[in-house]
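The values are calculated or read from the model by the stated rules, or taken from the named source; none is laboratory data. Note that the coordinates shown come from a computational prediction; the quantities given were computed from them, not determined experimentally. Every residue, glycine among them, receives a Cβ derived from its backbone with ideal geometry; neighbour counts consider all protein chains shown. Areas reflect the complete protein model, heavy atoms only, side chains present, ligands, DNA and RNA absent. Shrake-Rupley method; radii C 1.70, N 1.55, O 1.52, S 1.80 Å.
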Amino acid sequence: MLDPSADEIRDWGNSVIQFMADYLGGLRDRGVYRHTSSREIRSGLDATLPTNPIEFDGLLKVFRETIVPFSRQNAHPRMFGYVQSPGTPLAAFADLLASTLNANLTVWRSAPAPVELERLTIDWIRQILGFNAEAGGLFVSGGSMANLIGIAMARQTKGCSSGRLRIYASSETHFSIEKAAALLGIGRENVCHVAVDERFRIRMDDLVAKIGADLEAGYVPFCVVANAGTVNTGAVDPLAEIREIAHRFQLWMHVDGSYGAFAVLADSARKLFAGMEQADSVALDPHKWLYLPVDVGCVIYRDPEAARAAFAHEAEYTRMFGEEADEAFVCWDYGPELSRRFRALKVWMLLKGVGLDRLSEAIESNLACARHLESMVRASDDFEMAAPVELSIFCFRYVPGRLRNESPKAIDAFNERLLVALQRDGSSYLSNATLGGRFALRGCVLNYRTTLRDMEILLDDLRRVASGNTARWAAAG
Ligand SMILES: Cc1ncc(COP(=O)(O)O)c(C=O)c1O
């Protein structure tokens with residue numbers, strides 16, 4: 001099993017590919033989610049520490065019978081929860097090939113062609129964002145890591161050693177920014193939450209007021225984080241205006257585009273992102289809106305030297321001998337990781353194998369699905385929108401006639417129950433958001449398989465699940 005023969009590899013491969021084809025072919029007939037328990041899953045897993053091997057077929061059987069049914073089916077066209085990409089077979093093959101080669105992208109000489117491929121695909125992403133030719137970047141585990149890198153570069157470049165550093169970001173900003181501030185010793189409490197407008201975008205007057213008040217109080221403002229698609233509602237902050245404020249107060253401008261930045265590829269959304277190309281750094285996730293399987297996040301920065309200043313580290317055991325320029329490229333000088341998997345292969349295969357035209361079309365179709373849901377909700381008499389649709393995220397509530405005169409608290413409690421019941425039902429999957437203190441059902445279209453019809457099925461599923469449970473919920477009080 002440790003070192004199988006070529007024939008064994010072929011046999012295993014055939015079984016795996018057979019599974020993959022059947023699984024993806026039958027996705028629509030599966031539920032998105034099956035309610036389960038830790039005990040039920042454990043009952044399908046042999047807990048004894050293995051000493052003797054079992055056959056590959058036995059391993060695949062456990063995967064097929066215990067792992068797959070008790071996983072959320074993230075590739076399902078009605079998986080609308082969180083910010084979840086579906087993955088794609090091309091990338092699954094790329095991951096298989098990357099692990100087969102087992103390249104470790106530490107420096108150019110350790111993985112010459114893989115590092116070149118990473119630099120090439122990073123440059124393609126730079127072009128997608130419209131950054132200048134000198135800009136650089138790196139693939140990382142995800143948006144949280146990309147945000148951490150952006151904030152670390154900001155502190156290195158703009159932060160001075162004395163005084164309390166301050167970061168500004170809207171109250172809708174993802175928690176990974178606060179986490180980065182905590183990890184970098186800046187402190188969560190030094191991330192200032194700026195108020196948002198009725199579309200959940202940062203309010204520029206409040207941003208300027210907060211910076212001014214901090215300067216007067218002796219703090220050191222050094223970074224502003226702009227959202228290119230918030231996690232709750234998909235709001236895109238006014239990026240060009242934020243750039244102007246960053247200039248005025250000499251702040252580093254980091255854009256969190258982990259969810260939304262690839263929507264710059266869609267004609268109908270492009271104008272929202274004007275100014276993103278002027279940022280100092282951008283976090284964006286190919287494992288979100290490029291449909292790739294986890295993990296592949298990306299950070300793009302205007303000045304690679306700023307990344308080097310934050311991350312370069314000399315050690316005798318990593319010293320480089322006799323190499324120059326391109327061939328002396330040291331990946332660990334630009335980010336926190338040393339060992340790095342070959343993430344670029346799946347990005348390259350996707351971009352090259354599918355092409356930007358088809359990807360832009362898929363993103364445009366996701367936007368159209370969210371807009372379709374919004375117009376159906378606005379035309380209905382039993383749903384209401386909780387936020388305007390900006391990209392492919394939609395937040396709404398179910399408020400049938402009998403609930404119309406109830407308190408907001410009662411309506412929220414009903415929707416919370418409805419969300420849990422919908423998830424257990426399995427036909428469609430939503431998550432939730434809290435907006436202005438109110439509970440909202442929240443969905444995000446991030447799958448090239450999702451159609452306008454799926455949005456209609458989602459509303460029908462909610463109505464069906466609600467009517468099947470209302471009497472029980474009423475009895476339970
Ligand atoms: C806006 C935003 N930023 C950052 C993140 C974190 O990304 P990751 O899960 O890849 O670390 C997310 C995740 O959903 C996000 O939506």
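What's the number of the only condition in (1) open to solvent by less than 30 Å² (accessible area, probe 1.4 Å); (2) within 15 Å of the ligand (Cβ to nearest atom); (3) hydrophobic (A, V, I, L, M, F, W, C) that Ile211 fails to meet? It fails just one condition, (2). When Pro86, Pro77 are checked against the criterion of being within 16 Å of the ligand (Cβ to nearest atom), surrounded by 15 or more Cβ atoms within 10 Å (Cβ to Cβ) and touching a residue at least 24 places away in the same chain (Cβ under 8 Å), Pro86 stands alone in meeting it.
For the stretch 156-179, a residue qualifies if it is in a helix (DSSP H, G or I), more than 12 Å from the ligand (Cβ to nearest atom) and either modelled with pLDDT of 95 or more or under 27 Å from Ser339 (Cα atoms) (or both), and the qualifying residues are Gln156, Thr157. Screening the candidates Leu207, Leu239, Leu215, Leu265 for the property of being under 17 Å from the mean Cα position of the chain (by Cα) and farther than 18 Å from Gly143 by Cα yields one hit, Leu265. The set of residues in the stretch 121-150 that are open to solvent by 70 Å² or more (accessible area, probe 1.4 Å) and touching a Pro at 6+ places or on another chain (Cβ under 9 Å) contains only Glu134.
Would you mind stating whether Leu351 is within 14 Å of the ligand (Cβ to nearest atom), farther than 23 Å from Val224 by Cβ, out of contact with any strand residue (DSSP E or B) (no Cβ under 8 Å at 6 or more places or on another chain) and open to solvent by less than 30 Å² (accessible area, probe 1.4 Å)? Spelling it out, it is not the case that Leu351 is within 14 Å of the ligand (Cβ to nearest atom), farther than 23 Å from Val224 by Cβ, out of contact with any strand residue (DSSP E or B) (no Cβ under 8 Å at 6 or more places or on another chain) and open to solvent by less than 30 Å² (accessible area, probe 1.4 Å). Can you confirm whether Asp454 is assigned to a helix (DSSP H, G or I), touching a residue at least 24 places away in the same chain (Cβ under 8 Å) and closer than 17 Å to Val377 by Cα? Against the criterion (assigned to a helix (DSSP H, G or I), touching a residue at least 24 places away in the same chain (Cβ under 8 Å) and closer than 17 Å to Val377 by Cα), Asp454 qualifies.
Only a single criterion out of (1) over 17 Å from Ala307 (Cα atoms); (2) open to solvent by less than 10 Å² (accessible area, probe 1.4 Å); (3) more than 16 Å from the ligand (Cβ to nearest atom) is not satisfied by Met153, namely (1). Taking the residues in the stretch 437-451 that are assigned to a loop (DSSP other than H, G, I, E, B) and under 17 Å from Thr230 (Cβ atoms) as candidates, determine which candidate is nearest to the chain's Cα centre (by Cα). Result: Leu446. Pairs meeting the criteria (first residue in the stretch 416-445 and touching a residue at least 60 places away in the same chain (Cβ under 8 Å) and open to solvent by 10 Å² or more (accessible area, probe 1.4 Å), second residue among the acidic types (Asp, Glu) and not in a strand (DSSP E or B), beta carbons under 6 Å, at least 6 apart or on different chains) are Ser427/Asp461. Once the stretch 227-270 is narrowed to residues that are near the ligand (Cβ under 9 Å from one of its atoms) and hydrophobic (A, V, I, L, M, F, W, C), the residue that is surrounded by the most Cβ atoms within 10 Å (Cβ to Cβ) is Ala228.
So that you can scan it fast, the table gives a plain yes or no per residue for (1) of a type outside the set (A, V, I, L, M); (2) farther than 30 Å from Leu458 by Cα:
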residue	(1), (2)
Met1	no, yes
Leu27	no, no
Tyr33	yes, no
Ile41	no, no
Asn52	yes, yes
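Among the helices (runs of 4 or more DSSP H) confined to the stretch 226-315, the ones with at least 1 residues that are without any contact (Cβ under 8 Å) to a residue 40 or more places away in the chain and closer than 22 Å to Ala133 by Cα are located at 239-249, 304-311.
Among residues of the stretch 122-150 being assigned to a loop (DSSP other than H, G, I, E, B) and within 16 Å of the ligand (Cβ to nearest atom), the one that is farthest from Leu290 (Cα to Cα) is Ser141.
Quick one: is Phe222 among the aromatic types (Phe, Trp, Tyr), closer than 21 Å to Lys179 by Cα and not in a loop (DSSP other than H, G, I, E, B)? The answer is yes for Phe222. Inclusion of Asp197 among residues that are in contact with a Lys or Arg (Cβ under 7 Å, 6 or more places away or on another chain) and not hydroxyl-bearing (Ser, Thr, Tyr) is warranted.
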